[in-house]
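Note sheet for the following structure.
The numbers here are math on the coordinates, done by the rules we state, and not lab data. As the structure is a computational prediction, the values presented were derived from the model and not from experiment. Because the Cβ atoms are built from the backbone with ideal geometry, glycine has one as well, and the counts that use them run over all protein chains shown.
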Amino acid sequence: MKLPETKTAYSEIHNLMYKSYLPNIIYAAIETGIFEQLAMEPMSCEKLSDVLETNERLTESLLDVLIAIGYLERKQSLYTLTDLAKEYLIQQSEVNQIGAIKEFVSKEGPFANLRQALKGVIPEFNQDAWSTEESIRGIEQGAKAGSLQNVLAFVKDLPEFKEAKKMCDFAGNSGYYAYAFLNENPVLHAHVYDLKEVCKISEEIKKNESDFKRVSYHSFDLNADDGFGKGYDFFFSSHFLYKYDSSEKLVSLLKKINKSMKTGGLFVSNHLDGKVNGDDHLTLCIVELMTRSMGFPTHCLQEDFLKAALAESGFEVQYRKAPDNCLAYPCLLLGAVKTKEVN
């Protein structure tokens with residue numbers, strides 16, 4: 001797979017699109033009573049959720065968005081309204097603009113039912129959402145806007161990768177990362193693991209790729225405790241580990257990954273860690289709110305959390321690349337070497 005060279009920052013378009021969700025988010029906060037309640041007194045997220053009878057984790061994400069757009073402030077653990085919110089977002093204000101905001105609210109999209117989610121009506125996450133040709137192609141197109149090139153630049157010169165002969169692209173969608181890696185390592189064979197329907201569609205989509213015969217697709221479901229092979233020199237995971245929102249869960253998975261790899265093999269993680277600024281920070285706050293409202297635990301892995309889990313699972317982090325704010329979904333890249341076997 002020959003990758004295009006991007007000359008501009010797609011993040012500028014990406015961040016703008018996420019800002020379009022703000023009217024729904026702000027109006028859900030209005031309807032839920034967040035501004036009215038904080039106008040009376042500063043409150044912690046825990047107390048606010050208790051008073052409003054809302055889901056605390058989802059409320060926390062919503063408050064993060066409101067801080068990012070300058071409507072709230074947080075001092076220690078207490079949230080307060082800014083002057084902007086006091087003037088335009090509470091009913092008691094003679095110049096409130098709540099009606100104007102409502103005009104921009106959409107009945108479609110991921111935040112159409114945010115108020116219900118805040119009140120605890122959170123759907124069970126549908127993992128089949130990514131099992132359509134449109135979504136599979138869309139995810140790959142998004143990666144080609146810079147993140148795929150960023151990962152490849154990080155990985156291709158690592159000594160462990162240069163020597164690798166067998167890799168696992170874990171929850172790899174169509175295998176677009178795998179094909180990029182194959183282009184840099186002529187002796188590498190890739191094994192892509194994903195849901196059955198994703199693999200079926202991906203094989204059809206990729207059948208004319210020049211390195212198609214160097215890729216093997218395997219259907220698997222972690223909920224059914226399916227295995228994912230062994231003997232890997234290189235194991236890659238991108239935007240997947242968020243499912244494991246506790247140390248115990250993540251360590252359990254990473255130990256399985258350890259057992260599938262050779263000692264000295266390379267594990268690379270490509271995941272959001274939340275440490276970005278400006279519009280990127282706002283976008284990731286919105287992404288986190290959307291993720292939780294859809295029934296998925298999180299879309300962010302803190303660096304220290306991931307490093308600790310890797311260390312407990314027999315890996316040593318030896319390579320690191322900070323998030324690039326020119327990219328949509330700027331990710332932290334970590335390269336860890338398997339140093340020991342684990343039980």
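The Kirkwood hydrodynamic radius of the stretch 11-123, based on inverse pair distances between different Cα atoms, is 14.4 Å. Each peptide in 264-273, 118-127 receives the mean, over its residues, of other Cβ atoms within 10 Å, and ordering these scores from highest gives 264-273, 118-127.
Close amide H partners of S44, meaning residues 5 or more places away or on another chain with modelled amide H under 5 Å apart, are Y79.
Any idea which of M17, L334, T298 is furthest toward the positive side of the dipole for the chain, if Lys and Arg beta-carbons carry +1 and Asp and Glu beta-carbons -1? Going by the Cα projections, it comes out as L334. Over all other residues within a Cβ to Cβ distance under 14 Å of E160, the charged ones net out to +1, with Lys and Arg as +1 and Asp and Glu as -1. In summary, the lysines within cross-link reach of K255, defined as a Cα separation below 21 angstrom excluding same-chain residues under 8 places away, comprise K166, K230, K243, K307, K338, K340. For the stretch 276-343, applying the loop criterion from DSSP together with a ceiling of 11 other beta carbons within 10 Å to the chymotrypsin sites (Phe, Trp or Tyr not before Pro) yields no site. Given a cut-off of under 8 Å on Cα pairs at least six residues apart, what relative contact order in percent is computed for the chain? Reported relative contact order: 19 percent.
Summing +1 for each Lys or Arg and -1 for each Asp or Glu among the other residues whose beta-carbon sits under 13 angstrom from that of S237 gives 0. Summary of packing: across the peptides 133-141, 174-182, 227-235, the per-residue average of other C-beta atoms within 10 Å ranks them, highest first, as 174-182, 227-235, 133-141.
Pairs of Cα atoms in the stretch 203-343 fall into 5 Å distance bins, from 0 up to the last occupied one, in shares of 2, 9, 17, 19, 18, 16, 12, 7, 1 percent. Of the GluC sites (Glu not before Pro) found in the stretch 258-343, the ones in coil according to DSSP and having at most 13 other Cβ atoms within 10 Å of their Cβ are E341. What you get for the chain, charging only the Cβ of Lys and Arg (+1) and of Asp and Glu (-1), is a dipole of about 1200 debye around the Cα centre. Measuring from centroid to centroid over Cα atoms, what is the spacing of the stretch 295-330 and the stretch 66-120 in Å? Between the Cα centre of the stretch 295-330 and that of the stretch 66-120, the gap is 31 Å. Under a 5 Å amide H cut-off, with hydrogens placed 1.01 Å from N, C300 pairs with nothing among residues at least 5 apart or on other chains. Remark: the stretch 50-189 projects, on average over all directions, an area of 13.5 nm² (convex hull of Cα atoms). Couplings for the stretch 79-85, taken from phi via the Karplus curve 6.51 cos²θ - 1.76 cosθ + 1.60 with θ = phi - 60°, read 9, 9, 7, 7, 4, 4, 5 Hz in order; Gly and Pro are left as x.
Taking a sphere under 11 Å around the Cβ of N24 and counting the other residues whose Cβ falls inside, with K and R at +1 and D and E at -1, yields a net charge of +1. In terms of packing, defined here as the mean over residues of other Cβ atoms within 10 angstrom, the peptides 324-333, 207-216 line up highest first as 324-333, 207-216.
Phi angles of the stretch 23-33 translate, via the Karplus equation with coefficients 6.51, -1.76, 1.60 and θ = phi - 60°, into HN-Hα couplings of x, 5, 5, 5, 5, 5, 5, 5, 4, 6, x Hz per residue; Gly and Pro are given as x.
Summing Cβ point charges (Lys, Arg +1; Asp, Glu -1) relative to the Cα centre of the stretch 95-150 gives a dipole of roughly 320 debye.
Each principal axis of the Cα atoms in the chain has its own extent, and those three values, largest first, are 71, 41, 36 angstrom. Between the helical axis of 303-312 and the longest alpha-carbon principal axis of the chain there is an angle of about 40 degrees.
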